[in-house]
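Below you'll find the structure, written out as structure tokens, and then a few comments.
Only the coordinates and a few stated rules stand behind these numbers; no lab work does. Bear in mind that the values here come from a model prediction, so they are computed numbers and not experimental data. Cβ coordinates were reconstructed from backbone atoms using ideal geometry, including for glycine residues, and neighbour counts include every protein chain displayed.
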Amino acid sequence: MAYIDAEYYNNIYKGLDVGEDFERYAERASDLIDQVVGYKIADLAVLHPRIQELVKKATAAQVEFYALNGGPEGVDGSTDGSFSQVSIGAFQYQSGRINQQIPAGKQEHRVAPAALAYLEPTGLLYQGVRVYGG
């Protein structure tokens with residue numbers, strides 16, 4: 001289930017028009033948010049209202065990112081079989097990236113920078129070990 005609906009996206013977030021693709025984009029964006037936070041959100045409604053709002057904004061930012069970049073297909077992978085970077089062991093080939101940094105990680109081009117910025121203060125991005133006990 002998507003974290004946002006068209007009402008939120010259009011009237012509160014005021015994102016770019018995505019037309020008939022909104023539901024699909026919102027579902028994919030919500031799935032990606034779940035992946036990024038390590039599936040820590042079991043029920044959005046039980047989280048603090050401020051965290052709920054930031055998760056919704058992150059989802060909306062990801063929907064808008066999809067709209068700007070050709071949908072989830074344009075962000076998650078290319079269907080034309082072309083690659084801009086290929087690595088096999090120590091060998092690496094890059095095309096079209098002269099004087100640019102090598103991507104920091106696999107999520108760099110999949111996740112909207114604004115989505116990560118919204119999620120950062122929530123604590124949901126924490127990947128460390130939690131210690132419990134008495």
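List of remarks:
- Here the spin labels are modelled as points 7 Å beyond Cα on the Cα-Cβ line, and at Phe91 and Asp76 they lie 3.0 nm apart.
- Phi-based couplings in Hz for the range 13-20 (Karplus 6.51, -1.76, 1.60; Gly and Pro marked x): 6, 6, x, 4, 5, 10, x, 6
- Global form of the range 1-78, assessed from the alpha-carbon gyration tensor, a/c cut-off 1.5: oblate
- Relative exposure of Lys57, Lys14, Lys40, judged by other C-beta atoms within 10 Å (fewest first): Lys14, Lys40, Lys57
- Per-residue HN-Hα couplings for the range 29-35 [Karplus 6.51, -1.76, 1.60; θ = phi - 60°; Hz; x = Gly/Pro]: 5, 5, 4, 5, 4, 4, 4
- Asp34-Glu20 pseudo-label distance in nm [points 7 Å out on the Cα-to-Cβ vector]: 2.6 nm
- Spacing of the modelled spin labels on Ala45 and Glu120, each 7 Å from Cα toward Cβ, amounts to 3.2 nm.
- Close amide H pairs (under 5 Å, H built 1.01 Å from N) link Tyr3 with Ser30, residues at least 5 positions away or on another chain.
- Put in line by how crowded their Cβ is, counting other Cβ atoms within 10 Å and starting with the fewest, Glu7, Glu23 read Glu7, Glu23.
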